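Report on the following structure.
The values are calculated or read from the model by the stated rules, or taken from the named source; none is laboratory data. Computed from a predicted model, the values in this text were never measured in an experiment. Positions of Cβ are backbone-derived with ideal geometry, glycine not excepted, and every protein chain shown enters the neighbour counts. Each accessible area value is taken on the protein alone, full model and side chains, heavy atoms only, with ligands, DNA and RNA left out. Shrake-Rupley method; radii C 1.70, N 1.55, O 1.52, S 1.80 Å.
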Amino acid sequence: DYIQKGYQVNKEERLGKFQADLVARKGEDQIVIEVKAGKMTPDRKQKIAGIADYIRSLGNYKFLVVVATPPKEKKLEIDDIETLIT
């Protein structure tokens, strides 16, 4: 989406002691995007807060966190399916 909007996008870019998942740049606009999947543990929240503080100290950056929750596998059971099919 950012590439289509004219941004230059870098994956896994090092920013200070942190490694950002994505960094999108277009002119003066600089966006750091962290993508997290799964449970947000206190340790993960603390790491994100550390990255956010560092990004904020850089000045001309925006910081976004995307929390992706993968769908849970669903199981469908139909009683007597063999009978219903035949």
- Query: Hey, what angle do you get for helix 42-58 against the long axis of the chain, alpha-carbon based, 0 to 90 degrees rounded to 10?
  - Reply: 30 degrees
- Which parts of the stretch 14-36 would a label at ILE48 reach, counting a residue when its backbone N lies under 18 Å from a point 7 Å out along Cα-to-Cβ? 18-23, 31-36
- Here Rg/Rh (Cα, Kirkwood) for the stretch 2-43 equals 1.06
- Which sequence of ASP43, ASP80, ASP29 reflects their accessible areas, 1.4 Å probe, from the largest down? ASP80, ASP43, ASP29
- Taking GluC sites (Glu not before Pro) as exposed when in a DSSP loop with at most 10 other Cβ atoms inside 10 Å, the chain has its longest clean stretch at 29-72
- Message: Based on alpha-carbon atoms only, what is the radius of gyration of the stretch 1-71 relative to the globular estimate 2.2 N^0.38 Å?
- Response: 1.13
